[in-house]
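The values are calculated or read from the model by the stated rules, or taken from the named source; none is laboratory data. Here the structure is a predicted model, which is why all the values come from computation and not from measurement. Positions of Cβ are backbone-derived with ideal geometry, glycine not excepted, and every protein chain shown enters the neighbour counts. We work out accessible area using only protein heavy atoms, side chains counted, and drop any ligands, DNA or RNA first. Shrake-Rupley method; radii C 1.70, N 1.55, O 1.52, S 1.80 Å.
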Amino acid sequence: MTDTGEHIRPLSLGEQANDPIRFAQELGQSFERFGFAIVADHGIDDALVARASSLTRAFFDLPDAVKLAFKSPKGGARGFTPLGVEIAKGASENDLKEFWHVGRDLPQGHKYNGSMPPNIWPDQPPEFRETLTTLFAEFDRVGARLLSAIAIYLGLDADWFVEPVRDGNSVLRLLHYPPVSPDAPGVRAGAHEDINLITLLLGAEEAGLQLLDRSGHWLAVDPPKGALVVNVGDMLQRLTNHVLPSTSHRVVNPPPERRGCPRYSMPFFLHLASDFPIRTLPGCVSVTRPDRYPGAITADEYLQQRLKEIGLL
């Protein structure tokens, strides 16, 4: 059942500099209520986003044989993942999407090279690598500002997340949902929760993204043009003992009149460093909220478990 009677109120990241405490409270309250927030005035250049969007379309317009040449032999962590590979945990049908992954570039000999594979880059379209490398860095910058607000909301130092995410295994995903035939099995993206710390999403203006509200209704996520949709991932949910919940969400198929239209979006999955131990924050444990996770797990161990569950390993 879908309920469109309530909406997430957009916030302005531009207000953070003037009143960081108030912005942190508003962001945290949105996360506690929905597991999601909408953030405008984020400062990622419109021209850069438009260029990346154009290159995304150009890449996915290439013949399948060309795209498949850039499929990673080690799974979906980098490069191209074809249509119908990923499946939501517990789903019976694979998602109706294909995507491209860009990860963090690390110098030779870096301690995380074993858990973070090198990027794969196509030789076309032109400027693909340069543009997406720049966009990755911009998502990283904005993500750091949001993490600072989250830290303040949780009663931590504003820079608490700086070291935990330093050289983290973050991933920029370019998503293409092709046109959907009337008899297509499954949906564009089945109900799921994200694995990572937080997700920053551009390109959600095309209808289809929904979150599962605590009332049990599906709520449409409808951001203003150019705004970021930000949601809590399972790593942050675990770290905060569910104070900040990781909310199920999905991308439903369009109505009949829009079935011939593709859908594109660009989520950035902001990850902890591979060897960071995910251990419940003491301030998120109380008599009424006992620790759900008394044991610690490293970010990479957690990631590998989840990637196997969704078919990417």
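If a residue must be without any contact (Cβ under 8 Å) to a residue 24 or more places away in the chain and part of a loop (DSSP other than H, G, I, E, B), how many such residues does region 143-160 contain?
Within region 143-160, residues that are without any contact (Cβ under 8 Å) to a residue 24 or more places away in the chain and part of a loop (DSSP other than H, G, I, E, B) number 3.
Tell me, which residue of region 120-139 that is open to solvent by 30 Å² or more (accessible area, probe 1.4 Å) and touching a Lys or Arg at 6+ places or on another chain (Cβ under 8 Å) is farthest from His249 (Cα to Cα)?
Glu127
Name the single residue that is most open to solvent (accessible area, probe 1.4 Å) among those in region 248-270 being aliphatic (A, V, I, L, M) and within 21 Å of Ile87 (Cβ to Cβ).
The selected residue is Val252.
Could you tell me which numbered condition Gly76 fails, if it satisfies all but one of (1) touching a strand residue (DSSP E or B) at 6+ places or on another chain (Cβ under 8 Å); (2) modelled with pLDDT under 95; (3) open to solvent by 40 Å² or more (accessible area, probe 1.4 Å)?
(3)
Check Ser181 against each of (1) at negative phi; (2) in contact with a helix residue (DSSP H, G or I) (Cβ under 6 Å, 6 or more places away or on another chain); (3) open to solvent by 40 Å² or more (accessible area, probe 1.4 Å) and name the one condition it does not meet.
(2)
For region 266-309: of the residues being of a type in the set (Lys, Arg) and part of a helix (DSSP H, G or I), which is nearest to Val230 (Cα to Cα)?
Filtering region 266-309 for residues that are of a type in the set (Lys, Arg) and part of a helix (DSSP H, G or I), the one nearest to Val230 (Cα to Cα) comes out as Arg306.
Check region 135-151 and report whether any residue there is at pLDDT below 95, within 19 Å of the chain's Cα centre (by Cα) and of a type in the set (S, T, N, Q).
No: zero hits.
So, in region 271-302, exactly how many residues are open to solvent by 20 Å² or more (accessible area, probe 1.4 Å) and within 17 Å of the chain's Cα centre (by Cα)?
2
Would you say Ala91 is open to solvent by 30 Å² or more (accessible area, probe 1.4 Å) and closer than 28 Å to Ala50 by Cα?
In short, no.
Can you tell which of Ala191, Ala149, Ala158 is surrounded by fewer than 21 Cβ atoms within 10 Å (Cβ to Cβ), under 26 Å from Arg306 (Cβ atoms) and of a type outside the set (Ser, Thr, Tyr)?
Ala191
Collect the residues in region 94-111 that are in contact with a strand residue (DSSP E or B) (Cβ under 7 Å, 6 or more places away or on another chain) and either surrounded by fewer than 18 Cβ atoms within 10 Å (Cβ to Cβ) or of a type in the set (Val, Ile, Thr) (or both), keeping them in residue-number order.
If the condition is that a residue be in contact with a strand residue (DSSP E or B) (Cβ under 7 Å, 6 or more places away or on another chain) and either surrounded by fewer than 18 Cβ atoms within 10 Å (Cβ to Cβ) or of a type in the set (Val, Ile, Thr) (or both), then Val102 is the only one that fits.
Taking region 69-105 only, how many residues are touching a helix residue (DSSP H, G or I) at 6+ places or on another chain (Cβ under 6 Å) and in a loop (DSSP other than H, G, I, E, B)?
The number of residues fulfilling the criteria is 1.
Just give me the residues in region 26-46 being assigned to a loop (DSSP other than H, G, I, E, B) and at negative phi, in sequence order.
Within region 26-46, His42, Ile44, Asp45 meet the criteria.
Tell me yes or no: at least one residue of region 40-58 is open to solvent by less than 30 Å² (accessible area, probe 1.4 Å), touching a Lys or Arg at 6+ places or on another chain (Cβ under 8 Å) and not basic (Lys, Arg).
no
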